[in-house]
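Read through the structure below, which is laid out as structure tokens, and then see the notes.
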Amino acid sequence: MSDSDEALLDRPIWSALTTSHKHLAEGGPRALRYPVDMTPFADMADMSAASFAALGDLMSGSQVAALFTPEPVDVPSGFQVVLAETGEQMIGSPADSPLRDAEIVRLGQPDVPAMMALTALTKPGPFALRTHELGTFLGIRAGGELVAMTGERMKPGKFVEMTAVCVHPDYRGRGYAQALLAAVARQIEARGEIPFLHVFSNNTSAIALYQRQGMRIRRRLHVTAFMKQG
């Protein structure tokens with residue numbers, strides 16, 4: 001893997017929407033976004049006024065655009081910032097973590113209500129009605145209830161982002177997150193692709209978990225979400 005290949009990850013949203021997820025992209029040369037019922041992720045060709053205007057034209061009502069960028073975003077007037085944080089981009093192959101007391105299952109459309117409920121409870125990041133369509137999602141059930149989940153989201157080139165790593169509070173400490181992360185990574189690698197993920201910089205426990213599994217921090221990105229004013 002060359003440095004030029006990894007450069008796609010410096011602007012993962014733009015890279016995904018101009019490569020593997022090009023068929024999902026809404027917008028034009030200056031601004032692109034995913035369908036809002038999949039994810040609020042968007043990006044621009046540059047940070048010019050014209051590009052912000054193009055992105056604004058794609059947004060309506062209270063819709064939010066969330067950007068992952070190498071540098072802080074200076075949001076112009078006409079927009080209201082709702083989130084400005086940093087996140088660590090981590091890459092690598094999480095070590096296998098077998099389960100003895102649970103079965104990993106593939107999730108699909110019938111599981112969306114349960115997936116929405118679990119992400120609403122655990123808040124792993126944005127998860128919408130069609131997020132599951134971005135890639136394969138795997139889960140663990142207990143007593144008929146979905147209690148843990150992880151899946152695939154952005155796909156910049158040959159890289160695939162692992163996302164929605166979440167476990168019901170009553171079922172933490174059983175290795176479910178580690179096992180699901182490893183299982184998702186194995187399916188990504190089986191396709192000849194490379195797993196990576198994002199985690200907020202202040203989530204030190206998750207960062208430590210991913211490092212113990214063999215992932216490394218590649219770089220820090222700025223996470224900026226904003227909506228139109230008025």
### Task
Given the conditions (1) touching a helix residue (DSSP H, G or I) at 6+ places or on another chain (Cβ under 9 Å); (2) of a type outside the set (D, E, K, R); (3) in contact (Cβ under 8 Å) with a residue 60 or more places away in the chain, report the number of the one that Gly139 does not fulfil.
(3)
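Of all residues in the range 172-182, which are hydrophobic (A, V, I, L, M, F, W, C) and surrounded by fewer than 19 Cβ atoms within 10 Å (Cβ to Cβ)? Explain how you work it out, then say what you get.
Narrowing the range 172-182 to residues hydrophobic (A, V, I, L, M, F, W, C): 177, 179-182.
Correct list: empty.
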### Scan of the range 202-217 for residues that are part of a helix (DSSP H, G or I), over 12 Å from Leu181 (Cα atoms) and not aliphatic (A, V, I, L, M), ordered by number
Thr204, Ser205, Gln211, Arg212
### Message
So in the range 6-48, with the set limited to residues that are touching a Ser or Thr at 6+ places or on another chain (Cβ under 6 Å) and either part of a helix (DSSP H, G or I) or open to solvent by 10 Å² or more (accessible area, probe 1.4 Å) (or both), which one is nearest to Leu67 (Cα to Cα)?
### Response
Ala45
### Query
From the list Val199, Val184, which one is assigned to a strand (DSSP E or B), on the phi < 0 side of the Ramachandran plot and in contact with a strand residue (DSSP E or B) (Cβ under 6 Å, 6 or more places away or on another chain)?
Val199
### Task
Please specify each residue of the range 214-230 satisfying the condition of being of a type outside the set (A, V, I, L, M, F, W, C), more than 16 Å from the chain's Cα centre (by Cα), within 17 Å of Ser77 (Cβ to Cβ) and modelled with pLDDT of 95 or more.
Lys228
### Task
Look at Leu118 and say whether it is at pLDDT 95 or above and in contact with a Gly (Cβ under 7 Å, 6 or more places away or on another chain).
no
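The values are calculated or read from the model by the stated rules, or taken from the named source; none is laboratory data. Predicted model only: the values in this text are computed from it and were never measured. All Cβ positions, glycine included, derive from the backbone under ideal geometry; neighbour counts span all protein chains shown. To get the accessible areas, we keep the full protein, side chains included, count just its heavy atoms, and leave off ligands, DNA and RNA. Shrake-Rupley method; radii C 1.70, N 1.55, O 1.52, S 1.80 Å.
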